[in-house]
Amino acid sequence: KEIIQIAHVNHQHLDFLHKKEEQEKLWSSMEGEFQSYSNGTLLNKHTGVHTKQKHFACEHCGQRFRQKTILNSHMRVHTGQNHFPCELCGKRFSGKSTLNIHMRVHTGLKPFPCDLCGKRFSQKSTLNSHMRVHTRQKPFACELCEKRFSQKTHLNRHMSVHTGQKPFACKLCEKRFSVKSTLKRHMRVHTGQKPFACEFCEKRFSRMSTLKSHMSVHTGQKPFACEVCGKRFSEKSYLNRHMSVHTGQKPFACEQCGKRFSLKVHKGQKPFHIFLKVQVN
């Protein structure tokens, strides 16, 4: 029997058999999925979900995507095209999916719950970041002091300690801040807002931390202990103030006579020792 070998045909045939075998393996591994596709292109697009291959790269930033359509949508980040406006606040977005995520700000929808504490989130990425609270993972390290953080935003905020940058200025008093959230908190000084109310006496506070400190008045808790003498305090600031008894530090000087004290005299208050001298004389 005469056998005619055609090399390129054999290789093509072997490639076909190999691809078919691989696709069958992939198909059998998709348990519970009974999806049908009209052509090979759609199948190849779908299999990328399982193989996690990202063939399409952005020529501007190098980020890679599994599908051409997702790459095209991503390109609007660089071109500045924002074709999808929010009908409620007018903010514009480069993609329909990004707009849908934004809408949860208005609807209050939080479809992603934490299995450990029950807290809910509007985005899966925010949930993933939150999980580090439980796992105590801190993947973001400062290159200058090696301090580590659980979120990239916390690292960015920390960097202002080294750079000294304070890009957020108060329009009323021109005081500057390194973080926008700190500026928002500062604005309550001018507006008089006190959104945090005590459930026992209805006293209100501009900061949550101040409310928590105030709660010790009702609970009697004193969680801050002095390591030197064991004396306990309801607030960390009280403990810090007390430590000067042991260290002998007197960082605050009187502007009129130069006498030094462990406590700071608030603006507008007359120093007590000056007041006594006036009374005696």
* To do: Arrange 153, 107 by Cβ neighbour counts within 10 Å, fewest through most, would you?
  => 107, 153
* Structure fact -> Note, the range 54-64: 3J(HN,Hα) by Karplus (6.51, -1.76, 1.60, θ = phi - 60°), whole Hz, Gly/Pro = x, goes 10, 7, 9, 10, 6, 6, 8, 10, x, 5, 10
* In terms of the Cα gyration tensor, with a ≥ b ≥ c the square roots of its eigenvalues, is the range 112-191 rounded because a/c is under 1.5, prolate because a/b exceeds b/c, or oblate? -> oblate
* Using 7 Å Cα-to-Cβ label points, what is the residue 193/residue 216 separation (nm, one decimal)? -> 2.8
* Spin-label model distance (nm) - residue 170 vs residue 252, 7 Å beyond Cα toward Cβ -> 1.9
* For 235, 146, what ranking results if the residue with the fewest other Cβ atoms within 10 Å of its Cβ goes first? -> 146, 235
* Structure fact -> Amide H proximity to residue 203 below 5 Å, modelled H, separation 5+ or other chain, gives 198
* Lysine pairs with alpha-carbon atoms under 24 Å apart, the range 112-191, spacing 8 or more or separate chains -> 19
* To do: Run the quick spin-label model on residue 138 and residue 120: label points 7 Å from Cα toward the beta carbon, then report their separation in nm to one decimal.
  => 3.2
* Asked: Can you list the trypsin sites (Lys or Arg not before Pro) in the range 143-236 that are in a DSSP coil and have 15 or fewer other beta carbons within 10 angstrom?
  -> 147, 171, 175, 203, 207, 231
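All of the numbers you see were taken from the coordinates with simple rules; none came from a lab. What you see is a predicted model; the values in this text were computed from it and never measured. Every residue, glycine as well, gets a Cβ built from its backbone with ideal geometry; the counts of neighbours run over all protein chains shown.
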